[in-house]
Amino acid sequence: MTIHSNPAAGLDGVAAAVTALSHVDGEKGELIVAGSRIGELADRTDFEGLVARLWAAATGREVDAAEARRRLARGRLAAFERLPAILPATAGMPMVDAFRVAVAAVAPVEGLEAEAAIVGAMPVLAAALVRQAEGRAPVAPDPDRGHAADLLRMMRGDVANAEEAKALDAYLVTVADHGMNASTFAARVVASTQANLFMAVTAGYCALTGPLHGGAPEPVLDMLDSIASKDRIAGWIDEALKRGERLMGFGHRIYKVRDPRADVLKRAVERLGGRGTDLGFAAEVEAYARRALEAAKPDRRLDTNVEFYTAILLDALKIPRRAFTPVFAAGRSAGWTAHALEQQRTGRLLRPSSIYAGAKPE
Ligand code: ACO
C-alpha cells in the first residue's frame, strides 16, 4: 500500500472534533448543516440566515438573521475602506495568490466581531480583485442588499437580476459548511492553538486552493471546454483515465454516493434557464464519467461531487473562472469562522502524532 492510499495517512475515519455545526453521511448521501438538510436550507434560508444559525450554534448565543445581515454589511463596508492598502500589494499576482494576500490582510474592525469582519470582507475582496485584473476600479458595497446580490453587483458592476442573486445565494448556502473537510480542519487546527479567527481563516483558505479540494471547479470547466462536443465525451474521458488522471468534479473521501450538493446546484442552474454551459451536454459528460469511473475503479464508488455543478453555476452567473475558488471561500468562510469559534470554546489543542520512518541514531 502506498502512502497515498493508506487510510491512516489521510486520517480516514478519525473524528477530530465534536461539533454542532454540520454532519456528512457518506453512505446515505446526506448533509445536515445547523440542524437542517442541505436541500431544505437552500430552498428556505438565505446566506445571512444560515450564517446566523452557524454562529449561534458555535457560540451558544442567539443570533438572528437580521442581525447577521447588518453585521455582514458592516464587514463589507469596512473591507472596502481597506482596499487602497490591500490592492497594490496584490497587483499582477495570479488570482489565487492575490486572494491569499487579501484574506491575510483582513483586520479587526472596531465594534464588530471578527467573524463578521471576515465573512463580510470575502465578497468585497473577490470582486475588487476580479475588477483589478480587468483594469477596472472597485465598486463600493451596498449595505441594503443581500450578501449574494452585492457580491455579483460589486464584481460585475451591474445589478444582478433576482434569479441570479437567488442562484448565487443558494450556492453560498450550499457550500457554507461541510463537516471536517480539509480547509475546515486546517482552520480548526489553527484555532485550537488559541490563535485568532483571522489566522484560522487564512489557513482555511490556503487549504481550500488545492485541486483535491476547492480548486477543482476551474479545471472542471477546462475539462468541459476541452471535451467540447458530445461525440468527443467517451474518447476524452477514456484517454484521461488511461493516462492515470483524475476527473475533476468526481470522487469524494466521505460520499460513496452522489454528493447531495450536486443536485441542489444542478437545480439552481436549471432555474437560471440555459445560460452558459449546455446542461444536456454537461449531463452526458457526467453520466459517462460516472460509468467510466465505475469501470476503471470498481472498488471505489466514485460519484459526482459538488464541484461539477459549481463550475457550471458560477460560469452561468458570469463569474470568471479564476474567481471560482475565492467565491467558494466567500461561502465557506461562514463555516470556517463558526468552526474556529466552536473550537476555541469547546475544543482542545489539536496535536496528532506521526509514525517515524526515518533513520535511527547509531
Ligand atoms: N478520477 C479518477 N480517479 C479517481 C478520482 C477521480 N476524480 N477520485 C479518486 N480516484 C481514484 C484515485 O486515483 C485512487 O485510485 P488508486 O487507489 O488506484 O490509486 C482511488 O480512486 C481513491 O483515491 P483517493 O485519493 O484515496 O480518494 P480520496 O478519498 O483521498 O480523494 C478526492 C477524494 C481528493 C476528492 C478525489 O476523489 C479527487 O481527487 N477528485 C478529483 C478532484 C475533485 O473533484 N476535487 C473536489 C473535491 S470536493 C471538495 O473538496 C469541495
**Prompt:** Under a point spin-label approximation (7 Å from Cα along Cα-to-Cβ), what is the residue 239-residue 275 distance to one decimal in nm?
**Reply:** 3.3
**Prompt:** Contour minus end-to-end for residue 137 and residue 27, with contour as 0.36 nm per residue of separation and end-to-end as the Cα-Cα distance?
**Reply:** 34.9 nm
**Request:** Would you mind computing Rg(Cα) / (2.2 N^0.38 Å) for the stretch 199-250, counting N as its residues?
**Result:** 1.44
**Request:** Round to the nearest 0.05 the FRET efficiency obtained for residue 230 and residue 110 when R0 = 56 Å and r is the Cβ-Cβ distance.
**Result:** 0.50
**Rg over Rh [alpha-carbon atoms, Kirkwood Rh] for the stretch 1-84** = 1.14
**Message:** Over 20 Å intervals from 0, what percent of Cα-Cα pairs in the chain sits in each interval?
**Reply:** 30, 58, 12, 0
**Request:** Return P(r) of the stretch 217-316 (all Cα-Cα pairs; 10 Å bins starting at 0; whole %; ordered from short to long distances).
**Result:** 16, 52, 29, 3
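Can you check what the Kirkwood hydrodynamic radius comes to for the stretch 1-159, Cα pairs only, in Å to one decimal?
17.8
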**Item:** Set of lysines near residue 230 by C-alpha distance (under 25 Å), chain-local residues within fewer than 8 positions excluded
**Value:** 242, 266, 297, 318
**Request:** Arrange the peptides 86-95, 291-300, 250-259 so that the one whose residues have, on average, the most other Cβ atoms within 10 Å appears first.
**Result:** 250-259, 86-95, 291-300
**Request:** Show me 104-112, 204-212 ranked by packing, highest mean number of other Cβ atoms within 10 Å first.
**Result:** 204-212, 104-112
**Request:** For the stretch 69-77, take each phi angle, set θ = phi - 60°, evaluate the Karplus expression 6.51 cos²θ - 1.76 cosθ + 1.60, and give the result in whole Hz per residue in order, putting x for glycine and proline.
**Result:** 4, 5, 5, 5, 5, 5, x, 5, 4
**Distance cut-off 14 Å, percentage of C-alpha pairs in the stretch 166-205 lying past it** = 50
**Fill in**
GNM of the chain, Cα pairs under 10 angstrom: of 182, 15, 240, the biggest fluctuation goes to 15
**Request:** Report the extension gain between residue 194 and residue 290 in nm, rounded to one decimal, defined as 0.36 nm multiplied by the number of residues separating them, less their alpha carbon distance.
**Result:** 30.3 nm
**Other-chain or far-sequence residues with amide H under 5 Å of residue 250's (modelled H)** = 305
**Asked** Which value at 222 nm does the chain reach when only helices count, each DSSP H run of 4 or more adding -39,500 (n - 2.57), with the total divided by all residues and rounded to the nearest 500 deg cm²/dmol?
**Response** -18500 deg cm²/dmol
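Where a number appears in this text, it was derived from the coordinates with a stated rule and is not lab data. No experiment lies behind these values; they were computed from the predicted model shown. Every residue, glycine among them, receives a Cβ derived from its backbone with ideal geometry; neighbour counts consider all protein chains shown.
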